[in-house]
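Some notes on the structure that comes next.
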Amino acid sequence: MRNMNKNWNIMTGNEAVALATKLAGVRFVSAYPITPQTAIVEKIAEMVANEKMDAKFIEVESEHSAMASVMGSELAGVRSFTASSSHGILYMHEMLNWVAGMRLPILMAVVNRSIGPPWNIWADHSDTMIQRDTGWMQLYGESNQEAMDTIILGYKLAEHKDILLPIMVMQDAFTLSHTSEPVEIRDEMVVREFLGDLNLPFKIDTNRPMGYGSLMPPDGPFMELKMDMKKSMYSAVDRFVEITKEFNDLFDANFPGPVEGFMMEDADYALITLGSISSTAKYVVRNLRNQGKKVGLLRILLYRPFPKDLVISYLRGLKGFGVVDRSSTYGPYGSLYMDVISSIYGKLEIPAANFVAGLGGRDVRVKDFEEMFTKIMEGEEGEIWINVGVK
Amino acid sequence: MVLVPTAYAPSSNNKTSSWRTTKPVIDYGKCTRCMICWKFCPDVAIGVTQGMNLEFPNERFAKMEAPYIDYDYCKGCGICANECPFDAIDMVQESEM
Amino acid sequence: MMNLVIYLFNFSIWDLGNKMYEIRFHGRGGQGAVTASKILATAAFKEGKWVTSFPFYGTERRGAPVAAFTRIDNNKVELRTQIYSPDTVILLDKSLMNIINVTDGLKENGLILINSRKNDVLNHPELKKFKVAVVDATSIAIRNRLGDPAHPIVNTAILGAYAKISGIVKLESIIEATKDLSPSKINENINAVKQAYDEVEVI
């Protein structure tokens with residue numbers, strides 16, 4: 001039963017994100033519509049037009065321009081927001097690198113959707129997996145509550161003075177973006193206090209004009225800048241643990257942090273997942289536990305920086321595990337699998353399978369997760385595609 | 001604190017005249033003050049001046065604003081000389097000065 | 001005077017216990033199946049339940065078959081798949097029975113609520129295994145000027161019927177949720193809910 005004393009409402013993932021930008025005191029929004037993210041921007045535009053949200057909203061002619069304009073506003077020291085999906089994010093690719101390299105803590109909400117062709121508007125993580133090496137942090141949620149909370153936590157993390165990197169906050173197309181479910185609305189005043197004002201130390205000052213991102217020769221501090229970005233990004237794992245604790249205390253919430261271990265304490269076998277399919281996976285874990293099988297689930301929320309030490313600590317002692325990739329990438333294995341395996345290299349030796357599931361919005365059903373658990377309990381390894389075969 | 005790729009390098013500290021091997025010289029006796037050179041200069045190194053005691057080709061140009069070259073920043077590209085419709089700008093070797 | 005109808009039937013509300021209740025809506029684009037799933041979820045939410053409601057988004061157009069889903073539970077709903085074995089199917093357009101298998105996966109003795117006149121579905125072979133209820137939501141919608149006569153919007157009426165026969169949500173909650181989610185004609189929608197509540201028949 002929900003705690004009826006709290007401020008709940010029923011809303012879609014898109015509505016939760018739009019409301020969260022208002023709570024977070026976002027002052028500038030620029031975006032270009034694309035399914036299934038459009039409702040986020042529509043809702044923000046409506047709140048701005050009705051003077052319920054004190055922000056400037058501009059509609060631009062492309063996603064490249066959307067990212068360029070939030071880069072400008074953020075450089076001026078204004079908390080900025082944009083949202084996109086799929087091919088829209090691909091079109092931003094160049095600007096994503098600029099924003100990260102200039103250390104601008106912009107937040108972009110992403111509704112994860114596949115990449116064509118063939119044309120497909122449904123959920124998978126290919127659009128953001130392609131962008132995992134742009135210098136943006138990435139946070140994957142599993143519910144509409146997390147769609148709201150990750151916006152608030154995302155700004156707090158990105159704007160930390162020792163991090164100052166942009167962050168993408170993800171939810172799955174339709175499974176969250178168009179699903180209505182209860183969300184506890186965080187108190188606006190408390191959120192503002194939690195976040196404080198954006199204080200960008202290098203913001204534009206007309207009295208002292210500066211060049212941003214100008215030419216840097218090989219002997220200039222080019223490598224040093226890149227090294228500093230990596231160092232800052234990897235310091236964000238511990239910061240995120242601290243910030244999560246502060247958030248949970250303040251809002252009486254139970255946000256998991258960089259990773260969530262579900263029934264992992266005495267597990268022999270586990271699956272590692274990202275995003276909304278984790279919910280169904282938990283349902284399956286619970287059922288298998290009732291049948292006496294010692295299984296668990298490790299959910300990655302913070303995918304960039306990859307929380308390698310936390311992952312190792314959860315996997316230690318397992319007899320086997322599987323990693324579920326919901327994206328089409330063309331390395332030797334799926335991208336999440338490769339991140340996990342390279343993190344544990346030389347530290348743990350556990351058989352591991354790489355499942356590919358749910359591409360282009362294909363439903364990842366209860367029986368699919370049961371099949372995955374059966375396979376890892378049988379010690380299968382390598383890349384295994386789940387629920388494929390043209391009907 | 002984080003490292004940020006910003007640079008404070010005002011142009012007053014960075015005079016680009018040293019890049020020049022040839023320099024443009026305006027023959028005010030031919031210059032009709034059409035300001036085409038001012039429009040085309042890619043480095044904003046041509047300014048507008050008035051009241052200097054300059055030559056002029058014809059009495060009716062006497063009181064008009066005239067272009068002048070800011071030799072601190074002119075890089076000697078020669079675009080002004082190329083564009084001038086009256087051949088009033090010559091490119092002169094720096095060594096001859 | 002429509003608002004003064006007194007309800008003689010007082011159905012008890014089922015205790016869901018630990019059971020999750022799954023409802024699948026079938027309709028055609030424009031009839032309001034997606035909104036119906038959302039109104040039902042909102043009504044149950046108002047009673048303190050945990051709910052999820054989601055459409056199956058295809059390439060929508062007016063007249064195309066659409067499906068929408070609602071899950072209701074006392075505990076947090078973890079499942080995020082489509083609904084494959086619903087407890088209830090709500091059919092906003094009986095002609096869909098000729099196009100798609102609307103009872104696919106419906107539990108034995110599960111409830112199917114159909115927008116139809118009684119005689120049109122009586123003795124339908126496909127429905128023998130199930131508990132069948134009918135309400136003429138199309139006539140109720142037209143009577144209350146919801147949509148236009150060629151494209152009546154039947155979603156609020158069908159929910160009034162559902163409130164009575166399912167015992168899962170109270171009529172008052174459906175009315176409150178209808179108030180929240182109707183973009184216009186709030187009173188007409190509420191009247192449709194109440195009339196369908198009175199007119200629904202189990203066959």
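Please treat every number below as a calculation from the coordinates, not as lab data. Quantities reported herein were computed from a predicted structural model and do not represent experimental measurements. Note that each Cβ is placed from the backbone with ideal geometry, even for glycine, and that neighbours are counted across all protein chains shown.
Couple of notes before you dig in:
- Between the stretch C:141-169 and the stretch A:185-223, the Cα center-to-center distance that results, in Å: 54 Å
- Degrees separating the helix A:335-344 axis from the principal Cα axis of chain A, which is the longest one: 80 degrees
- When you filter the GluC sites (Glu not before Pro) in the stretch A:16-55 for DSSP loop state and at most 15 other Cβ atoms inside 10 Å of their Cβ, you are left with A:51.
- Kirkwood hydrodynamic radius over Cα pairs of the protein assembly as shown, then Stokes diffusion coefficient at 20 °C and 1.002 mPa s, in µm²/s: 74 µm²/s
- Protection proxy ranking of C:177-183, C:194-200, B:39-45 - average other beta-carbon atoms within 10 Å, highest first: C:194-200, C:177-183, B:39-45
- The protein assembly as shown: Cys lacking any partner C-beta under 4.7 angstrom: B:31, B:34, B:41, B:74, B:77, B:84
- As a ratio to 2.2 N^0.38 Å, the alpha-carbon radius of gyration computed for the stretch A:12-78 takes the value 1.05.
- For the stretch C:109-130 versus the stretch B:34-80, the spacing of their alpha-carbon centroids is 92 Å.
- Top of A:270, A:147, A:76 by mean-square fluctuation, Gaussian network on chain A, Cα under 10 Å: A:76
- Mean ellipticity per residue at 222 nm, deg cm²/dmol - from DSSP H runs of n ≥ 4 across chain A, formula -39500 (n - 2.57): -12000 deg cm²/dmol
- As a proxy for reagent exposure, C:70, C:81 were ordered by neighbouring Cβ count within 10 angstrom, fewest first; the result is C:81, C:70.
- Rounded to the nearest 20, the size of the Cβ-charge dipole of the stretch C:17-202 about its Cα centre is 100 debye, with Lys and Arg at +1 and Asp and Glu at -1.
- Ordered by the count of other Cβ atoms within 10 Å of each Cβ, fewest first, C:26, A:125 give C:26, A:125.
- Legend: mean number of C-beta atoms from other chains within 10 angstrom of residue C-beta atoms, peptide B:3-16, equals 5.
- Three-way shape label, the stretch C:17-202, alpha-carbon gyration tensor, a/c 1.5: rounded
- Highest mobility in the GNM of chain A, judged by mean-square fluctuation with C-alpha springs under 10 Å and restricted to A:279, A:30, A:335, is found for A:279.
- Mean sequence separation of contacting Cα pairs (under 8 Å, at least six apart), scaled by the length of chain A, corresponds to a relative contact order of 16 percent.
- Rounded if a/c under 1.5, otherwise prolate or oblate - the stretch A:19-142, Cα gyration tensor axes: oblate
- Shape analysis of the stretch C:139-195 places it in the oblate category; the axes a ≥ b ≥ c from the Cα gyration tensor give an a/c of at least 1.5, with a/b not above b/c.
- Once the Cα atoms are used to define both axes, helix A:277-290 deviates from the longest principal axis of chain A by about 30 degrees.
- Burial ordering of B:64, A:11, A:377, A:223, fewest other beta-carbon atoms within 10 Å first: A:223, B:64, A:377, A:11
- The mean number of partner chain beta-carbon atoms within 10 angstrom of a residue's beta-carbon across peptide A:211-220 is 2.
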